[in-house]
1. Could you identify which residue out of V41, V60, V230 has the top mean-square fluctuation in a GNM of the chain using Cα springs shorter than 10 Å?
2. Going highest first, how would you order 276-282, 47-53, 197-203 by mean Cβ packing within 10 Å?
3. Could you size up the charge dipole of the chain around its Cα centre, putting +1 on the beta carbon of Lys and Arg and -1 on that of Asp and Glu, and report it in debye to the nearest 20?
4. In segment 17-183, what percentage of the DSSP-assigned beta bridges are antiparallel, given to the nearest 5?
5. Can you give me the relative contact order of segment 28-147 as a percent, contacts being Cα pairs under 8 Å and 6 or more apart?
6. Between F141 and S192, what FRET efficiency follows from the Cβ-Cβ distance if R0 is 35 Å, with the result rounded to 0.05?
7. Using Cα-Cα distances under 8 Å and only pairs 6 or more residues apart, what relative contact order does the chain have, in percent?
8. Treating the angle as unsigned and between 0 and 90°, give the value, to the nearest 10°, between the Cα long axis of helix 256-265 and the longest Cα principal axis of the chain.
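Every number in this text was worked out from the coordinates using simple rules, so none of it is lab data. Note that this is a predicted model, so its numbers are computed, not measured. With ideal geometry, Cβ positions are generated from the backbone for all residues, glycine too; neighbour counts draw on all protein chains shown.
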Amino acid sequence: MQRKILIFLIPLFFVSAYLLVGCEITRTVSNKDKPVSGATVFELYVPQSNPDKAFNIVFVPDSSYGDLSVLANRQAFVDDMADVIENAYWQNQAYFNGLFYYNYYYMTATGSVTENPPDTKGNFRCPTVVWPSQVNTDAAFADQLVLIHRNKLRDCGGGGRVTAEPNSYRTIVHETGHGLFGLPDEYCCDSSYSEVRPILYATQHGCTTDPNNASWRNCVSMTSSRDGSVWWRSQGNITTNLIMRNTENEVWESGPADWFLMRKIYQDALGVSIDDPSVFAPGQWSYSVPPAP
């Protein structure tokens with residue numbers, strides 16, 4: 001069952017046209033709203049005034065949301081995206097502890113996502129995605145683009161662009177792990193793997209001798225069904241309920257190797273130090289609000 005944030009420790013405050021009470025976002029759209037970039041990108045939840053000090057995430061609707069110049073359609077999409085922030089990003093401590101360094105926007109231009117059949121070997125193929133042309137202009141500032149579609153299929157991410165269903169919360173966080181932090185897939189065995197230390201290694205020797213994984217080292221092999229290559233992963237004793245192991249709905253926590261890379265990206269990309277998660281997957285954490293920067 002999806003965990004729900006039940007804290008009420010953040011005071012009520014207004015930022016632009018949204019309201020945040022107890023980690024629940026209410027964003028009411030209006031004909032008076034002005035785009036913040038081009039003609040199609042609007043603020044959803046933007047706690048960091050300096051975009052260079054934030055990961056900027058832009059949500060893009062598919063055509064099933066209808067014409068977003070119609071306020072009712074726009075509000076439906078914005079409500080879904082507020083749920084995504086609360087039930088996806090804020091359910092993973094490695095993201096929630098840095099919540100003041102994520103700015104969220106939405107587009108009114110629409111795209112589409114269409115499923116593809118497996119390849120001749122039965123391996124999964126990513127869907128065909130048609131992005132609105134405005135992502136290259138109005139949303140050029142985005143660090144992560146998330147195209148939300150309502151048709152059910154298996155999604156992909158790459159190059160800072162991901163696709164997901166609106167309630168596939170774990171998929172969204174999983175794919176953002178690729179886009180923002182360069183985290184590799186850790187599920188077996190039909191992904192396209194590459195060495196990303198200290199998580200995934202091309203050799204057993206590399207895994208067992210890396211000083212960066214010494215505090216949790218547990219080198220486990222897996223064989224790619226695509227090309228027969230063998231990879232070694234190290235996340236301590238975590239074999240299930242890890243955010244980069246799978247996708248779908250309930251959000252899981254990050255592992256210690258994930259956090260090693262995420263902490264470095266927070267520091268290198270934003271120049272900020274984020275509190276370490278109090279527990280790693282598969283444990284659950286006790287929600288608490290970090291102090292505002």
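1. V230
2. Peptide ranking by packing, descending: 197-203, 276-282, 47-53.
3. Once rounded to the nearest 20, the dipole reads 140 debye.
4. 50
5. Values: 179 pairs, mean separation 46.4, N = 120.
Once divided by the residue count of segment 28-147, the mean separation gives 39 percent.
6. On the way: r = 28 Å, r/R0 = 0.80.
Computed FRET efficiency for F141 and S192: 0.80.
7. Relative contact order for the chain comes out at 17 percent.
8. 50
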